[in-house]
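The values are calculated or read from the model by the stated rules, or taken from the named source; none is laboratory data. Since this is a predicted model, take the numbers as computed values, not measurements. A quick note on method: Cβ atoms are made from the backbone with ideal geometry, for glycine too, and the neighbour counts reach across all protein chains shown. When the accessible area is computed, the model is the full protein with side chains, heavy atoms only, and any ligands, DNA or RNA have been set aside. Shrake-Rupley method; radii C 1.70, N 1.55, O 1.52, S 1.80 Å.
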Amino acid sequence: MKRLPIPDDVTGDEIDKDVRQELLSLPKGLAEEVSRNLVMVARLIDEDPEGAYAYSRIALRLASRVAAVREAAGFAAYASQKYSEALAEFRAARRMTGNVDLWPVMADCERGMGRPEKALDMAGAPDVQKLDKAGQVEMRLVAAGARRDMGQLDAAIVTLQSPELASHSVQPWTARLRYAYADALLAAGREDEAREWFAKAVESDKDGSTDASDRLAELDGVEFVDALVEDDEDEDGADSGAEPRSVREADPAPRTGTLEVDEVDDVDDVDAIDDDEDIDDEDLDDEDERDDEESAERPGTRRAGESGEEGDGEDTPRG
């Protein structure tokens, strides 16, 4: 079996203890190899989604019957904009565990495949009531994004209005919820309200998970210029008497691999997996075929609550 290089400092012990517990069902050597590939998925998924996807495929071929592996493969495919494949993996993981936590991201995959109506159906399903608070907020973001996909801006704004949005308490989801609300307001032409909520998003976004500060600066007519680019321009235009600057005022403007893998020859009970079919469930095969026939994957990485139009929302998936 072909493998990708893994740095020596990756031992596999870095994975979550619950995932490690699942891998105990595998032979020791195989469990270690799978865990090291999963660590690489986690390391690369934000900066190099395609690289993370490649490592996830290796883990999937080694341990297709482990729910945590199917879930990791789903998130890697999702980050790589392979929404149909991601949905198939999420469905498989959910069947294995019975867990509803993946419901919002599964709905967002439906959006990614151009089916916002299906995402809205999922937002009204009984499973939503089984989600924890974070999951329910994520589902609200997905539903609002689906409304925007359908051109229903006012409905999207109403969908986001909730006790969680009005709360002064800062939770892990607060910045993204405020950002999505501000973005919807701006799209609806309510610029003053949008500015207020972008400012609130900045206050709650301690880890920089959104670009709310940049959006706020744009509304204030401030454009940030790369200092390195400015230096180069200054050197080129020194004779013209141009003055250096790092920030300038501007008119406000809207923001506009699957690997080749041979048979696993060192573990008898591990099945080789065909790229073009799901591993565990014939039902999933039928669902995937319908997915591929009914829709094409939408370009551009999305996050729950964003519009399908370019430049409407924040950058990186995963709630």
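Values for this structure:
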{"item": "Net charge of neighbours whose Cβ lies under 10 Å from the Cβ of Leu165, counting Lys and Arg as +1 and Asp and Glu as -1", "result": "+2"}
{"item": "Segment 122-170: relative contact order as a whole-number percent, Cα under 8 Å and 6+ apart", "result": "27"}
{"item": "Surface share of carbon and sulfur [accessible, 1.4 angstrom probe, percent] for segment 54-121", "result": "47"}
{"item": "Burial ranking of peptide ranges 13-24, 176-187 (average Cβ count within 10 Å, highest at the top)", "result": "176-187, 13-24"}
{"item": "Accessible solvent surface per residue of segment 44-92, calculated while the other protein chains remain in place, 1.4 angstrom probe, Å²", "result": "24"}
{"item": "Anisotropy class of segment 57-101 from Cα gyration tensor, a/c 1.5 cut", "result": "oblate"}
{"item": "Relative contact order [Cα under 8 Å, 6+ residues apart], segment 1-60, whole percent", "result": "34"}
{"item": "Long pairs among Lys133/Lys200; Lys17/Lys118; Lys82/Lys200; Lys2/Lys118; Lys17/Lys206, criterion Cα-Cα beyond 29 Å", "result": "Lys17/Lys118; Lys82/Lys200; Lys2/Lys118"}
{"item": "Relative contact order [Cα under 8 Å, 6+ residues apart], segment 1-132, whole percent", "result": "16"}
{"item": "Calculated from backbone phi, Karplus (6.51, -1.76, 1.60) coupling profile of segment 5-12 in Hz, x at Gly/Pro", "result": "x, 10, x, 4, 6, 8, 9, x"}
